[in-house]
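Asks: Before anything else, here's the structure in question.
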Amino acid sequence: MLSNQRADAIIQGFESTRIMVIGDIMIDQFVIGQVNRISPEAPVPVVKFKHEEYRLGGAANVAHNIRKLGGSVSLLGVLGSDDAGTQLLAELKRASIDPSGVFSERERITTRKLRVVTSRNQQVARIDYETDKALPHSIVNKLSALLKSQIAKADVIVVSDYLKGLLNQELMAELFLSAKDHGVPVFVDPKAPHLNWYSGCSLITPNHHEAEKATEMGIQTEDEARTAASTLQTSVPCTSVLITRGEHGMWLTDGSLPGTDRVESALPTTAREVSDVTGAGDTVIAMMALSTAAGANLSEAAELANHAAGIVVGRFGASTVTTKELLGAFA
């Protein structure tokens, strides 16, 4: 159990951390209105528009979580030359995130998740604007050059894979080689089809659905979580595995401690109520990166991440947590 004093010491260290985030960036758009009747044209609700909101999503939400907690962050990603891309850049600026590592690709559309929502936060519909086509070599080369020039400055690298085409095997191979040369740990929020791309990572943080798909086994109990984590640890291979399990909390298999095979622990959920799990995985990996960069071991980092996730799932849409809220969880 993390003491108040130890939690405070780690959190106070966030401001001295430097995290690199590379992955699929997106913008979440919320069209919010009021439902008073059913359409005469079809059995669907008529939503009377009131206002709209935008939030950072995907790798951009990871970066937002890091920045909100005081860490320095460099974000590497791609967007399209469209209105959604312009809005995404505006949201990055509003969040004090440097967009110099975000490249625009003329033939690409910016990943945008448009949700039609009632004023009571009930989702009526979602429209996804996205592509998963491979990036042109010119953009990959720019990302590779920037990655190599900045990697030595990073305390931790976060890879945020949403299967939207930014990451490829060649770029990941270069990233892991450069990270190894500079002694920088790589944390990955993975997707099952790309597991072999993450070979040698320090930590992967799949949710239980992703872990089930990757291991082809059900994960309902702690014993099953333990087996799945061990399987991933060997098959990727990676040093440590953190499986997020929704209302069942988290499972950590930590292979980073010298002189031991692994340390295993189950963390019960701290969420008092669950409003929306969107972006919770982004918060978890952001907290793991920040905490370890600030001197925490993985068990301590997982406890902090568990509390942070418990806070954000009580809110609607992708969200962030503040240091005050995090400190309050240990008061």
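The values are calculated or read from the model by the stated rules, or taken from the named source; none is laboratory data. Keep in mind the model is a prediction, meaning the values are calculated, not measured. Backbone-built Cβ (ideal geometry, glycine too); neighbour counts: all protein chains shown.
Asks: Within the range 199-216, track down each residue that is over 14 Å from Gln233 (Cβ atoms) and outside any strand (DSSP E or B).
Replies: Those that are over 14 Å from Gln233 (Cβ atoms) and outside any strand (DSSP E or B): His208, His209, Glu210, Glu212, Lys213, Glu216.
Asks: Residue check: is Thr131 buried (at least 16 other Cβ atoms within 10 Å of the Cβ) and assigned to a loop (DSSP other than H, G, I, E, B)?
Replies: Considered against the rule, which asks whether it is buried (at least 16 other Cβ atoms within 10 Å of the Cβ) and assigned to a loop (DSSP other than H, G, I, E, B), Thr131 comes out as no.
Asks: Please enumerate the residues belonging to the range 144-198 that are in a loop (DSSP other than H, G, I, E, B) and over 19 Å from the mean Cα position of the chain (by Cα). Step through it out loud before you land on a result.
Replies: Filtering the range 144-198 down to residues in a loop (DSSP other than H, G, I, E, B) leaves 154-155, 161-168, 183-185, 190-191.
If the condition is that a residue be in a loop (DSSP other than H, G, I, E, B) and over 19 Å from the mean Cα position of the chain (by Cα), then Gly183 is the only one that fits.
Asks: If you go through the range 68-99 one residue at a time, how many are in contact with a Phe, Trp or Tyr (Cβ under 9 Å, 6 or more places away or on another chain) and under 16 Å from Val156 (Cβ atoms)?
Replies: So the count comes out to 4.
Asks: Then there's this: Does any residue of the range 251-270 turn out to be touching a residue at least 60 places away in the same chain (Cβ under 8 Å), over 21 Å from Ala192 (Cα atoms), assigned to a loop (DSSP other than H, G, I, E, B) and touching a Gly at 6+ places or on another chain (Cβ under 7 Å)?
Replies: To start, the set of residues in the range 251-270 that are touching a residue at least 60 places away in the same chain (Cβ under 8 Å) comprises none.
No: the range 251-270 contains no residue that is touching a residue at least 60 places away in the same chain (Cβ under 8 Å), over 21 Å from Ala192 (Cα atoms), assigned to a loop (DSSP other than H, G, I, E, B) and touching a Gly at 6+ places or on another chain (Cβ under 7 Å).
Asks: Something else: Ile66 versus (1) within 14 Å of Thr320 (Cβ to Cβ); (2) in contact with a Gly (Cβ under 9 Å, 6 or more places away or on another chain); (3) among the aliphatic types (A, V, I, L, M): which is the lone unmet condition?
Replies: (2)
Asks: Also: Hey, which of the strands (runs of 3 or more DSSP E) in the range 24-110, taking only ones fully inside, have at least 3 residues that are touching a residue at least 60 places away in the same chain (Cβ under 8 Å) and surrounded by fewer than 23 Cβ atoms within 10 Å (Cβ to Cβ)?
Replies: Where strands (runs of 3 or more DSSP E) fall fully within the range 24-110 and carry at least 3 residues being touching a residue at least 60 places away in the same chain (Cβ under 8 Å) and surrounded by fewer than 23 Cβ atoms within 10 Å (Cβ to Cβ), they are 25-38, 45-58.
Asks: Same structure again: Could you say whether any residue in the range 216-226 is of a type in the set (Ser, Thr, Tyr), touching a Ser or Thr at 6+ places or on another chain (Cβ under 9 Å) and under 23 Å from Ala305 (Cα atoms)?
Replies: no
Asks: So, in the range 114-127, exactly how many residues are out of contact with any Leu (no Cβ under 8 Å at 6 or more places or on another chain) and either in a strand (DSSP E or B) or surrounded by 15 or more Cβ atoms within 10 Å (Cβ to Cβ) (or both)?
Replies: The total comes to 8.
Asks: Show the residue pairs meeting these rules: Cβ distance below 8 Å; 6+ apart or different chains; first residue within the range 160-174 and at positive phi; second residue part of a helix (DSSP H, G or I).
Replies: Taking only residues 6 or more apart or on different chains, the pairs are Leu163/Pro193; Leu163/His194.
Asks: For the range 133-147, does any single residue satisfy the condition of being without any contact (Cβ under 8 Å) to a residue 12 or more places away in the chain and among the hydroxyl-bearing types (Ser, Thr, Tyr)? It would help to see each step written out before you state the result.
Replies: So the first thing to find is which residues in the range 133-147 are without any contact (Cβ under 8 Å) to a residue 12 or more places away in the chain, and the list is 137-138, 141, 145.
Within this subset, residues satisfying the condition of being among the hydroxyl-bearing types (Ser, Thr, Tyr) are 138.
Yes, because at least one residue in the range 133-147 is without any contact (Cβ under 8 Å) to a residue 12 or more places away in the chain and among the hydroxyl-bearing types (Ser, Thr, Tyr).
Asks: Tell me which residues, restricted to the range 15-38, are of a type in the set (Gly, Ala, Ser) and either at pLDDT below 95 or closer than 20 Å to Leu171 by Cα (or both).
Replies: Gly23
Asks: Residue check, Ala228 against (1) farther than 30 Å from Ser149 by Cβ; (2) assigned to a helix (DSSP H, G or I); (3) touching a residue at least 24 places away in the same chain (Cβ under 8 Å); (4) of a type in the set (A, V, I, L, M, F, W, C), all met but one. Which one?
Replies: Only one criterion is unmet by Ala228, namely (3).
Asks: Does Leu2 satisfy the condition of being touching a residue at least 12 places away in the same chain (Cβ under 8 Å), aliphatic (A, V, I, L, M) and within 29 Å of Asn141 (Cβ to Cβ)?
Replies: no
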